[in-house]
Amino acid sequence: MNTKTAASPRTFFGEPMALAFLSFTEAWERFSYYGMTSILVLYMSQALLLPGHVEGIAGFSAFRAGMESVFGPMTTLGLASQIMGLYTGFVYFTPVLGGWVADRWLGRRAAVMIGAMMMSAGQLAMAFDVSFLLALLLLIVGCGLLKGNISTQVGELYAETDGEGRTRAFAIFSIGINVGAVVGPLLCGLLAQLYGWHAGFGLAGMLMLIGLFTYIAGFRYLPKDRPRAGARAKTKLTGHEWRTVGALAAVAAITIFQSVSYYQNTNLALVWINRSVDLNFLGFHVPVAWFNSIDPLASIVFVPVLFALWRYQAARGSEPDDLGKIATGAWLATAANALLAVSCVLSVRTPVLVPVIYDALLGISFLYYWPTLLALVSRAAPATIKATLMGAVFLTLFISNFIIGWLGGFYERMTPAGFWAMHASIAAVGGVLAIALSRPLKRVLAVD
C-alpha cells in the first residue's frame with residue numbers, strides 16, 4: 001500500500017506528505033553545499049592559505065607535509081586546488097559508507113539527523129581559520145550519512161511495484177536539488193563579496209540548520225526504519241551477468257573523462273574567471289561565485305527542451321541510444337572547454353558572456369550523460385547487486401574530483417589557453433571512447 005494513504009490524508013502534489021519534508025531538507029542541504037563550494041577555492045587561494053592566515057589553521061603543517069609527500073611540492077593555488085579536489089571527491093565517496101552504517105547500525109533516520117548536525121557544525125566551523133580542517137572533515141562525514149540515506153527514504157515511501165510513483169517522487173526531489181544548487185552560490189557569493197568570506201560560510205551554516213529543523217519537523221511523516229541488515233545468502237552471478245557488470249563498469253569509466261572536464265568549473269574555472277574575465281556588466285560587478293549557478297540552472301531549463309528533442313528524434317528513428325547520448329555529452333563538454341581556450345587566445349580580458357555560455361553548455365552536457373548513466377545501470381544491472389552498482393556509480397565522481405584537484409596544480413605552469421585546451425582534449429577522449437566501444441558494449445548490455 002502507498003504510504004500516502006496509510007500515514008496521512010495530507011499530500012504534497014498528490015504524493016506522500018513525507019516527500020515535502022525530504023525534498024525541502026535536501027534543497028536546504030544542497031543550498032548550503034553549493035553555496036559553500038562556490039567560494040571555497042577562492043577563499044583558500046586568496047585568503048586562508050596566504051601568510052598571516054595559514055599559520056592559524058590547526059594541524060595544517062602536518063596536513064600539508066602529508067599532501068606534498070604524495071603529490072610533490074605545491075604552490076598556494078595548487079594546494080587549494082588539491083584540497084578542493086579531495087574534499088569534493090570524498091563527498092561522493094562517503095555516501096557509500098553512510099548507507100552501510102545506516103543499514104547495519106544507526107538506521108536511516110538517525111543517520112540523516114546526525115549527518116545534518118555534523119554538516120551544520122562543519123559549515124559554522126568554516127567561519128574560523130583554526131577549525132578549517134575540522135570543518136572539512138565534519139562536512140565530508142556528515143554528507144556521507146545524510147545524502148544517500150535521505151534519497152533512499154524517498155524510494156521507501158512507495159511499494160516496490162509502484163515504479164511510476166517513484167519516478168514522480170524523484171522528479172520532485174531533484175527539483176529541490178537543482179533549486180538549491182542555483183540559489184546557494186547566488187546568495188553565499190553575494191554575501192562573501194559584500195561582507196567577506198565568513199559571511200558566506202555563515203549563511204551556508206544557517207541554511208544547513210534550517211535543513212535539519214525541516215527534517216525534524218517532518219519526522220512523524222517519514223517512513224519507519226527497516227530492520228537492520230543481517231547475514232544474507234550469497235547469490236552467484238552467471239557468466240552473462242558478470243559480462244554485464246564489466247560492460248557497465250566500462251561505460252562508467254568512460255564518463256570519468258567528461259566529469260573531469262565538467263567539474264573543473266567549480267575549481268580552477270572560478271580562479272580563471274576572477275583573474276581573466278571582465279566582470280563588470282552594466283555597471284554591476286558580477287560575483288565570481290554566481291557562475292556556479294549557471295550549469296544547474298541550465299540543467300533545469302533544458303530538461304523540457306531535450307525531452308522534446310528526443311521525442312522528435314524518436315519519431316524519426318534518430319534518437320541517440322545511451323552510448324550516443326553519453327558521447328554527445330562529452331562533445332558538448334569538449335566544446336565548452338574549447339570555448340575558454342579560444343577566448344584566452346583572442347583576448348586578454350574575456351567578456352563575461354563567455355563563461356556564461358561555458359557553464360550553460362556544461363549544464364546541457366550533464367543532462368546528456370549523467371542521468372543516462374544512472375538509467376542504464378538501473379535498467380541493465382543484475383537485480384541481486386543493482387543497489388550496490390548504483391552506489392558504485394558515484395565512485396566515478398570520487399575518482400574524477402581527485403584528478404581535477406591534481407590537474408589544477410598545472411594551472412600556473414601552463415598558459416590559460418593550454419589549460420582549457422587540455423580539458424577539452426580530456427572530454428574528447430571520452431567522446432571517442434563512447435563511439436569506439438559503442439557496438440561491443442551494446443551487444444552485452446542489449447541497449448536499444
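General observations
- When the residues of the range 224-249 are filtered to those that are at pLDDT 85 or above and hydroxyl-bearing (Ser, Thr, Tyr), the one that is surrounded by the most Cβ atoms within 10 Å (Cβ to Cβ) is 244.
- Near pairs, Cβ below 9 angstrom, 6+ apart or cross-chain, from the range 161-189 (at pLDDT below 80) to any residue that is of a type in the set (Lys, Arg) and open to solvent by 20 Å² or more (accessible area, probe 1.4 Å): 165/4
- Pick from the range 341-400, criterion in a loop (DSSP other than H, G, I, E, B) and over 18 Å from residue 442 (Cα atoms), ranking: modelled with the lowest pLDDT: 394
- For the range 267-281, the condition holds for no residue, the condition being that it is open to solvent by 30 Å² or more (accessible area, probe 1.4 Å), within 25 Å of residue 431 (Cα to Cα) and in contact (Cβ under 8 Å) with a residue 40 or more places away in the chain.
- Checking residue 71 against (1) within 25 Å of residue 43 (Cβ to Cβ); (2) in contact (Cβ under 8 Å) with a residue 60 or more places away in the chain; (3) under 21 Å from the mean Cα position of the chain (by Cα), the condition it does not meet: (3)
- Failed item, numbered, when residue 50 is tested on (1) over 28 Å from residue 191 (Cβ atoms); (2) surrounded by fewer than 19 Cβ atoms within 10 Å (Cβ to Cβ); (3) not aromatic (Phe, Trp, Tyr): (1)
- If the condition is being open to solvent by less than 40 Å² (accessible area, probe 1.4 Å) and either at pLDDT below 95 or among the small types (Gly, Ala, Ser) (or both), then the range 422-440 contributes 424, 427, 428, 430, 431, 434, 438.
- Failed item, numbered, when residue 295 is tested on (1) in a loop (DSSP other than H, G, I, E, B); (2) closer than 25 Å to residue 430 by Cα; (3) among the acidic types (Asp, Glu): (1)
- Screening the range 8-22 for residues that are closer than 23 Å to residue 148 by Cα and surrounded by fewer than 24 Cβ atoms within 10 Å (Cβ to Cβ) and picking the one that is modelled with the lowest pLDDT gives 12.
- Check on residue 393, touching a residue at least 12 places away in the same chain (Cβ under 8 Å) and open to solvent by 60 Å² or more (accessible area, probe 1.4 Å): no
- Checked against (1) at pLDDT 95 or above; (2) surrounded by 21 or more Cβ atoms within 10 Å (Cβ to Cβ), residue 60 passes all but a single condition, namely (2).
The values are calculated or read from the model by the stated rules, or taken from the named source; none is laboratory data. Because the structure is predicted, anything quoted here is derived from the model rather than measured. Neighbour counts are summed over all protein chains in view; Cβ atoms, including those assigned to glycine, are modelled from backbone coordinates with ideal geometry. Keep in mind that these areas ignore ligands, DNA and RNA; they rest on the heavy atoms of the full protein, side chains included. Shrake-Rupley method; radii C 1.70, N 1.55, O 1.52, S 1.80 Å.
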